[in-house]
Amino acid sequence: MAWGPAGLFLLAAADSVGIPAVGGVDALLITIATTRPALGYISAVCAIAGSILGSIVLFAIARKGGQVFLARYTSKGTGRRLHAWFERYGLATVFVPAVSPLPMPMKIPVFCSGAMGVHWAAFIGTVIAARTIRYFALAYLAERYGTGTLTFLKYHWGAVLAFAISLAAAAVIVLRLLQKRQQLVS
């Protein structure tokens, strides 16, 4: 908290690279935006930048040797289901947990993206879009509701999740249309 936006950047980067801070980035962003409203949107930008940096590092690690790790952990159980979801829905599996303030696993989809050879620009664009929506929305809610922001999210979690899923569905539709268009051009 004492480090303000810079501390938020570091926490977001650490969380996205794989050092768990479940809800910590959101809570710190809300706290900063509530206690120092002038820093709310600057803090959101720092959270976005830190999250992107951490996600890129994890993505790059998975890109270098993640196939072996992925094969070992996706042969059965939850890992298998997550892998199947990723193959079917692609970057929507990254977008939904990245945009939703509800606790959802994001490191596994990020790792799958790298290990499965997803294009760098598509991955980074997805993370930027999702985190921008999430962190600017949290800064806005903190500005509007102050210390009641977490209570607001608690009581409206269904609407928040529905919004995240709707955005993901729209993203999947747009990506599929772009892929079909590219196939027609090729």
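The values are calculated or read from the model by the stated rules, or taken from the named source; none is laboratory data. Worth saying up front: this structure is predicted, and the values here are computed from it rather than measured. Positions of Cβ are backbone-derived with ideal geometry, glycine not excepted, and every protein chain shown enters the neighbour counts.
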Looking only at region 116-131, which residues are touching a Leu at 6+ places or on another chain (Cβ under 7 Å) and either among the polar types (S, T, N, Q) or at pLDDT below 85 (or both)?
THR126
Is one or more of the residues making up region 32-55 in a loop (DSSP other than H, G, I, E, B) and modelled with pLDDT of 75 or more?
yes
Output the number of residues of region 27-51 satisfying the condition of being under 22 Å from LEU91 (Cα atoms) and buried (at least 19 other Cβ atoms within 10 Å of the Cβ).
4
Starting from residues that are surrounded by 24 or more Cβ atoms within 10 Å (Cβ to Cβ) and touching a residue at least 40 places away in the same chain (Cβ under 8 Å), keep the ones in region 82-95 and report whichever is farthest from SER166 (Cα to Cα).
LEU91
Going by what's in this entry, would THR132 be described as closer than 26 Å to ARG63 by Cα and among the polar types (S, T, N, Q)?
yes
Given the conditions (1) more than 23 Å from ALA129 (Cα to Cα); (2) in a loop (DSSP other than H, G, I, E, B), every one holds for PRO20 apart from (1)
Give region 131-150 a look and list any residue that's closer than 13 Å to SER100 by Cα and buried (at least 22 other Cβ atoms within 10 Å of the Cβ), or say none.
ARG131, ARG134, TYR135, LEU138
Please work out if ALA13 is farther than 13 Å from LEU138 by Cα, part of a helix (DSSP H, G or I) and not aromatic (Phe, Trp, Tyr).
yes
Looking at VAL68 and the list (1) of a type in the set (Val, Ile, Thr); (2) buried (at least 17 other Cβ atoms within 10 Å of the Cβ); (3) free of Cβ contacts under 8 Å to residues at least 24 places away in the same chain, which single condition is not satisfied?
(2)
Can you tell me how many residues within region 119-130 are in contact with a helix residue (DSSP H, G or I) (Cβ under 7 Å, 6 or more places away or on another chain) and either crowded, with 18+ Cβ neighbours inside 10 Å or more than 18 Å from VAL99 (Cβ to Cβ) (or both)?
4
